[in-house]
Amino acid sequence: MKTVIVTGGAAGIGRETARLFAAKGDRVVIADRDISGAEATAADITTAGGQAHAFQLDVADEQQWENFAKWVHNEFGAPEVLINNAGIMDLGGFVEMSAAQWQRTIDIDVMSVIYGSRVFARQMIDAGVRGHIVNLSSGAAYTPMEMVPAYGVAKAAVLMASQALRVELRSHGIGVTAICPGAIRTDLLAHGERAGLSDEEQAVWRGDVAKVQSYAIAGPEKVARVIERSVRRNWAIVPVNPESWFGFIAFRVSPSLLRAALSVISFDRAEGALNRARPLLARFEK
């Protein structure tokens, strides 16, 4: 039985990933700032006959990672798999977003991956475990867009960090994978922030984008299956959805053409389309 750590396991991709590994007979540790959600996921798994444990973790806090790593080691020994899934997506232009918003994105989306990978890679090395680390990057890592510059920068850093770590850990028999999902039906946008809006406007915006994201073709269970296969097959970089594959290939074939194509996507156009779509979305809700 392997010990599999999943951050951000209270919902979405993390929850489905934890369920999948548990269904295959692994012991799953679900780490999330939302301890109630993590415990609910763990309860679902144990009710289904699996083994799961919940742990409250703020992934942006290095000391909490250190404490978490000690707890895992004392309870189960060095883990075989670490899945750095927790993250946020805030929207706003490069200049529009405040320094605090940029820092929040870097702390949660990048530093959490660094903190987690460091402490658990060290445990794997010391114990001689031929394990695997999975880091959730994004198609935004190679598709530059006006709407998500901070998120794109953070996920590009995760992509490169994963490759650097893969090179370093190869001699220890530890694999590293970067997963780049694309548009998935999760609450990622609904939990994010839109720069430049009042609290009242923010609430309306969250409701709108939550509806839009709920119509994404792929669900979190698809990403979970890709993550599980990546661990078994030791893949390096794995785009998931067609749009993520398209961006991955286009960025390598003609970065300038891709940038030109993406430059037509703006907040004004997106918000105009959203306004026009509201009546249609309202019909689907009935």
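The values are calculated or read from the model by the stated rules, or taken from the named source; none is laboratory data. Quantities reported herein were computed from a predicted structural model and do not represent experimental measurements. Every residue, glycine as well, gets a Cβ built from its backbone with ideal geometry; the counts of neighbours run over all protein chains shown.
A compact table of results
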{"quantity": "Residue match in the stretch 138-152 (condition: farther than 28 Å from Ala261 by Cα and either touching a residue at least 12 places away in the same chain (Cβ under 8 Å) or outside any strand (DSSP E or B) (or both))", "calculated": "no"}
{"quantity": "Unique residue being small (Gly, Ala, Ser), at positive phi and surrounded by 22 or more Cβ atoms within 10 Å (Cβ to Cβ) when the list is Gly49, Gly92", "calculated": "Gly92"}
{"quantity": "Residue match in the stretch 168-177 (condition: under 13 Å from the mean Cα position of the chain (by Cα), in a helix (DSSP H, G or I) and farther than 18 Å from Trp65 by Cα)", "calculated": "no"}
{"quantity": "The stretch 72-123, subset assigned to a helix (DSSP H, G or I), aliphatic (A, V, I, L, M) and farther than 16 Å from Asp58 by Cα, residue nearest to the chain's Cα centre (by Cα)", "calculated": "Ala121"}
{"quantity": "Inter-residue pairs, beta-carbon under 7 Å, first assigned to a strand (DSSP E or B) and in the stretch 194-209, second buried (at least 18 other Cβ atoms within 10 Å of the Cβ) and modelled with pLDDT of 70 or more, 6+ apart", "calculated": "Arg194/Leu91; Arg194/Gly92"}
{"quantity": "Members of the stretch 153-182 that are surrounded by fewer than 22 Cβ atoms within 10 Å (Cβ to Cβ) and under 18 Å from Ile249 (Cα atoms)", "calculated": "Ala156, Leu159, Met160, Gln163"}
{"quantity": "Hits in the stretch 20-49 - residues which are of a type in the set (Val, Ile, Thr), within 19 Å of the chain's Cα centre (by Cα) and assigned to a helix (DSSP H, G or I)", "calculated": "Ile35, Thr41"}
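For (1) touching a Cys at 6+ places or on another chain (Cβ under 6 Å); (2) in contact (Cβ under 8 Å) with a residue 40 or more places away in the chain; (3) under 18 Å from Asp32 (Cα atoms), each residue gets a yes or a no:
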{"position": "Asp58", "(1), (2), (3)": "no, no, yes"}
{"position": "Gly77", "(1), (2), (3)": "no, yes, no"}
{"position": "Ala86", "(1), (2), (3)": "no, yes, yes"}
{"position": "Asp90", "(1), (2), (3)": "no, yes, no"}
{"position": "Ile106", "(1), (2), (3)": "no, yes, yes"}
{"position": "Met111", "(1), (2), (3)": "no, yes, yes"}
{"position": "Tyr115", "(1), (2), (3)": "no, yes, yes"}
